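The values are calculated or read from the model by the stated rules, or taken from the named source; none is laboratory data. These figures come from a predicted structure and were not determined experimentally. Don't worry about glycine lacking a Cβ; one is built from the backbone with ideal geometry, like all the others, and counts go over all protein chains shown. What goes into the accessible areas is simple: the full protein's heavy atoms, side chains included, and nothing from ligands, DNA or RNA. Shrake-Rupley method; radii C 1.70, N 1.55, O 1.52, S 1.80 Å.
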Amino acid sequence: MNSDLPQYKNQLDFFASGKTLDINYRIQALKKIKQALNAHQSNFEQAIYQDFGKSPFSTEISEISLLHHELDYYISHLPKLSKAKKVKKNAANLLASHYIVAEPFGVTLILGAWNYPFLLTLNPMIAAIAAGNTAIIKPSEQAPHAMEAIKKMMSDALPEEYVYTAVGGVETASALLELRFDFIFFTGSTNIGQIIYEKAAKNLTPVVLELGGKSPTIVTPSADLSLAVKRIVFGKMLNAGQTCIAPDYIYVHSSIADAFNEALIQEIKRSSYTENSEQFCNIVNEKHYKRLETLINEEKVIYGNEKNPDKNFLSPTVLYPTTWDDAVMQQEIFGPIMPILVYEDLNECFQAILSRPKPLAAYFFGKNEDEIKSFSRKLSFGGGCINDTLMHISNIHLPFGGVGQSGIGKYHGKYGFDTFSHHKSILEQSNWFDPSFKYPPFGEGAKKILRLVLNF
Ligand code: NAD
């Protein structure tokens, strides 16, 4: 691919035609995407099964249903979201109308990650379309069947001058980044996010970077242990731990560590996260499988570590006692390994988290109101849950995004619309009254009035 990509030029022309400024036009486009999503659901499910053995049911609940929520939200809320918003007047312009108009940026680039290949490429694309943009989307080459399935679905849904799916790997992404986009939305690792940010800076292109990190889970003595282990194991083992907001490591109070470990192991056994089971999947490729192997200190394995290298299968693996010096604590795990760390004092635990890069998610288990308040006010993280894991992503009224090294910007629902819009301020002045004191030369009387009006 070179920078004369005809689809890019066609998108520039298509956007300039002004068609996407029409709200009904956008709603029709979203309806076509919804129809295509229904028609292609089984292709999607097969594709992802071929890529890393994820079951159709898991794909349905963790990707397809969330895409439908976004589509339905925009289809019914777009007229309200896109309406000009009136704001309070200031004293100097009481007769004018003051309002904000949301305008689309133009031609956007969306680069997706492989772990939820449909959701992470199509969800931002849906927000881009709702806000009136066109999009070139590049799904991840690490889920190649899913990438082809997205291309097929989008070519059925909308013309290429509106949404074009670029199929390819790093060279394709790099060639695209040489073009001047009006907005770039990237989902992936923090390292690649830095490259994207640098490339966008050359053209002063605004970006959203949805990145990763090590998301902590804290379990305090007042936690309901049997509920906590269910919710932690579910959050960690969905997609075999290959979830950006999965609990990465678990910090447990020393007084409950033994009971917690026992309940955790029982819960893993009960849920049957076994090879070929409906609720589990394989590691995406050999490179990541081997990377995970290097993170497991066999002396600390208290459960799991069963493997099938032919399928890149790794069973849920619990490591205890873990310290910050262990290999598993030096990078985002992105796999079914659960390191358990022990703390004595909650403030020390907070300090250990605060002294490291800000995570994408954080989870707290416990009933003590002061501790809950401290967790949500003192720690900095993208978003999270108290007494649950992952569920904050399921509500489109909550903004989703990272902070610090886990990302820049947010989306979902209204926040996705706002992210893909420039909010243009307009002051529409009245013509029927225009006092002469506004204009020079300013006599003493005019100065007095101006000082009064301008409030100084
Ligand atoms: P990745 O960074 O390897 O790849 C993401 C995208 O970037 C792909 O489309 C890829 O083609 C492209 N890319 C890779 N190298 C590039 C380069 N040198 N120049 C330009 N583009 C390049 O990420 P991944 O392995 O697909 O996903 C895993 C990571 O993504 C984890 O860190 C995870 O936490 C993070 N993630 C974050 C979110 C979120 O919403 N915040 C969601 C899923 C995954």
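Among the candidates I250, I245, the residue that is aliphatic (A, V, I, L, M), within 13 Å of the ligand (Cβ to nearest atom) and either outside the structural domain of N115 (by TED's automatic domain parsing) or surrounded by fewer than 22 Cβ atoms within 10 Å (Cβ to Cβ) (or both) is uniquely I245. Take the residues in segment 233-242 that are hydrophobic (A, V, I, L, M, F, W, C) and open to solvent by less than 10 Å² (accessible area, probe 1.4 Å), then tell me which one is nearest to the ligand (Cβ to nearest atom). The qualifying residue nearest to the ligand (Cβ to nearest atom) is A240. The residues of segment 385-395 that are open to solvent by less than 30 Å² (accessible area, probe 1.4 Å) and in contact with a helix residue (DSSP H, G or I) (Cβ under 6 Å, 6 or more places away or on another chain), listed by number, are C385, T389, L390. Among the candidates Q331, Q351, the residue that is among the polar types (S, T, N, Q) and either within 14 Å of I218 (Cβ to Cβ) or outside the structural domain of E299 (by TED's automatic domain parsing) (or both) is uniquely Q351. Under the condition of being within 16 Å of the ligand (Cβ to nearest atom) and of a type outside the set (A, V, I, L, M), the residues counted in segment 267-318 number 10. Does segment 398-412 include one or more residues that are of a type outside the set (D, E) and either more than 15 Å from the ligand (Cβ to nearest atom) or at pLDDT below 95 (or both)? Scanning segment 398-412 turns up no residue that is of a type outside the set (D, E) and either more than 15 Å from the ligand (Cβ to nearest atom) or at pLDDT below 95 (or both). Scan segment 298-313 and give yes if some residue there is closer than 24 Å to S406 by Cβ, in the same structural domain as A259 (by TED's automatic domain parsing) and touching a Ser or Thr at 6+ places or on another chain (Cβ under 8 Å), otherwise no. No; the residues of segment 298-313 include none that is closer than 24 Å to S406 by Cβ, in the same structural domain as A259 (by TED's automatic domain parsing) and touching a Ser or Thr at 6+ places or on another chain (Cβ under 8 Å). Would you confirm whether or not segment 144-165 contains a residue that is among the aromatic types (F, W, Y) and surrounded by fewer than 23 Cβ atoms within 10 Å (Cβ to Cβ)? There is at least one residue in segment 144-165 that is among the aromatic types (F, W, Y) and surrounded by fewer than 23 Cβ atoms within 10 Å (Cβ to Cβ). Taking segment 333-437 as the region of interest, the helices (runs of 4 or more DSSP H) fully inside it that hold 3 or more residues being among the basic types (K, R) and farther than 30 Å from T108 by Cβ are 369-378. Screening the candidates I386, I393 for the property of being away from the ligand (no atom under 16 Å from the Cβ) and of a type in the set (A, V, I, L, M) yields one hit, I386. The residues of segment 67-108 that are in contact with a strand residue (DSSP E or B) (Cβ under 6 Å, 6 or more places away or on another chain) and among the hydrophobic types (A, V, I, L, M, F, W, C), listed by number, are A84, V87, A96, I100, V101, A102, F105, V107. Just so you know, in segment 292-322 the residues that are within 29 Å of the chain's Cα centre (by Cα) and farther than 18 Å from K236 by Cα include one that is surrounded by the most Cβ atoms within 10 Å (Cβ to Cβ), and it is K311. For segment 166-221, filtered to residues that are under 30 Å from A259 (Cβ atoms) and open to solvent by 10 Å² or more (accessible area, probe 1.4 Å), the residue that is nearest to the chain's Cα centre (by Cα) is G213.
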